[in-house]
Amino acid sequence: MAKPESESVTADGADGARLLREARDLTPALYALTRVLRLRGVREAGLLPLPPSELEVLRFVLDAPGTGTGALARELGMHTSNVSTAVRGLVALGLIHREPDPHDRRAVRLYPTRGAEHGMALVENSWAEIFADALATLSAEQRADLNAAVPALRALGEALRERRNAARSQ
């Protein structure tokens, strides 16, 4: 559940109101982009679509091979039981495999398979093609603006992760 506006924004007064306006403009645009990627990328790569939870788990395991289910659940903000269900599905599809943790035999580490790595490369190529087609319709100035925004978008993603982790540790 979202916090009331007064608790969500750290800036006061006019700065806080401006930040909220900017966020209200930016959020739907970013959501629309992620939705297009999620819905079209896998299909255009010629792969079977995964449920959103399995796709999130697979993306994380691809980005952080050797992660455990507990860390995965914390990072994705999912219940451990939901992560375990997603992992079982991905193992059954041959997209990830489990290996015993060498330091704790009760725990397992998750690794992507070559099939998962190949599939994600196909999806990422599809994403690039989808975006390239759309970028071709924009002006050079608009494309430059978008390219210049990449570092800020990465910083925004990191800030969101840090705030989520800080809220969980309280």
Quiz prompt | Scan of segment 32-42 for residues that are closer than 16 Å to ASP133 by Cα and among the charged types (D, E, K, R), ordered by number | solution = ARG40
Practice problem: Confirm whether ASP145 is surrounded by fewer than 12 Cβ atoms within 10 Å (Cβ to Cβ), in the same structural domain as ALA71 (by TED's automatic domain parsing) and more than 30 Å from GLY94 (Cα to Cα). | Solution: no
Quiz item: Between residues in segment 77-89 that are without any contact (Cβ under 8 Å) to a residue 60 or more places away in the chain and residues that are part of a helix (DSSP H, G or I) and of a type in the set (A, V, I, L, M), which pairs lie under 6 Å by C-beta distance while being six or more apart or on different chains?
Solution: THR80/ALA73; VAL83/LEU72; VAL83/ALA73; ALA86/VAL57
Quiz prompt | Number of the condition not met by GLY157 [criteria: (1) at pLDDT 90 or above; (2) under 15 Å from the mean Cα position of the chain (by Cα); (3) closer than 22 Å to LEU39 by Cα] | solution = (1)
Exercise. Return yes or no: is ALA92 over 18 Å from the mean Cα position of the chain (by Cα), modelled with pLDDT of 85 or more, surrounded by fewer than 11 Cβ atoms within 10 Å (Cβ to Cβ) and in the same structural domain as VAL108 (by TED's automatic domain parsing)?
Key: yes
Practice problem: Confirm whether VAL42 is under 30 Å from ASN147 (Cβ atoms) and touching a residue at least 40 places away in the same chain (Cβ under 8 Å). | Solution: yes
Self-check item: Filter result (in contact with a Pro (Cβ under 9 Å, 6 or more places away or on another chain) and surrounded by 18 or more Cβ atoms within 10 Å (Cβ to Cβ)) within segment 32-54
Solution: VAL42
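The values are calculated or read from the model by the stated rules, or taken from the named source; none is laboratory data. Because the structure is predicted, anything quoted here is derived from the model rather than measured. Every residue, glycine among them, receives a Cβ derived from its backbone with ideal geometry; neighbour counts consider all protein chains shown.
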